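Remarks on the structure that follows.
The values are calculated or read from the model by the stated rules, or taken from the named source; none is laboratory data. None of these values were measured; they are calculated from a predicted model. With ideal geometry, Cβ positions are generated from the backbone for all residues, glycine too; neighbour counts draw on all protein chains shown.
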Amino acid sequence: MAKLPVCSGWEVVAAFERAGWLKNRQRGSHVSMFKAGSKCTPSVPLHKELHRGTLRSLIRKAGLTVEEFCSLLNR
């Protein structure tokens, strides 16, 4: 199992966009995302650094594995 990277909210949004998710709206410091055919709408907080539990939950809601998410990050 891959180790979760330390990511900012904007890095997560960019990785999700590469996975086919689109920004639905932004309210305050949270970006709501959607994908056609998915009932889930992950809400990504735009913090400098996301907590591990929050990041893991967002990855699960997006239907990705940690390995797939890590490959989508451009680092």
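Please state which one of ALA14, ALA36 is under 11 Å from the mean Cα position of the chain (by Cα) and either of a type in the set (Lys, Arg) or outside any strand (DSSP E or B) (or both).
Numbers: ALA36 fails: under 11 Å from the mean Cα position of the chain (by Cα).
Only one candidate passes the filter, namely ALA14.
So which residues in region 28-51 are among the charged types (D, E, K, R) and at pLDDT 95 or above? Let's see the steps before the verdict.
Quick first cut of region 28-51, residues among the charged types (D, E, K, R) only: 35, 39, 48-49.
LYS35, LYS48, GLU49, listed by residue number.
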> List the pairs whose first member sits in region 1-13 and is within 23 Å of SER32 (Cβ to Cβ), whose second member is assigned to a helix (DSSP H, G or I) and of a type in the set (A, V, I, L, M, F, W, C), and whose Cβ atoms are under 8 Å apart, counting only residues at least 6 apart or on separate chains?
Replying inline: LEU4/LEU55; LEU4/VAL66; PRO5/CYS70; CYS7/ALA15; CYS7/LEU55; VAL12/LEU55; VAL12/LEU58
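Filtering region 22-75 down to residues that are of a type in the set (Lys, Arg) and closer than 22 Å to VAL6 by Cβ, which residue is surrounded by the most Cβ atoms within 10 Å (Cβ to Cβ)? Before you say what the answer is, go through the steps one by one.
Taking region 22-75 and keeping what is of a type in the set (Lys, Arg), we get 23, 25, 27, 35, 39, 48, 52, 56, 60-61, 75.
Keeping just the survivors that are closer than 22 Å to VAL6 by Cβ gives 48, 52, 56, 60-61, 75.
Details: LYS48: 9, ARG52: 11, ARG56: 14, ARG60: 14, LYS61: 16, ARG75: 6.
Going through the qualifying residues, I end up with LYS61.
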> In region 1-14, which residues are at pLDDT 95 or above and touching a Ser or Thr at 6+ places or on another chain (Cβ under 9 Å)?
Replying inline: GLY9
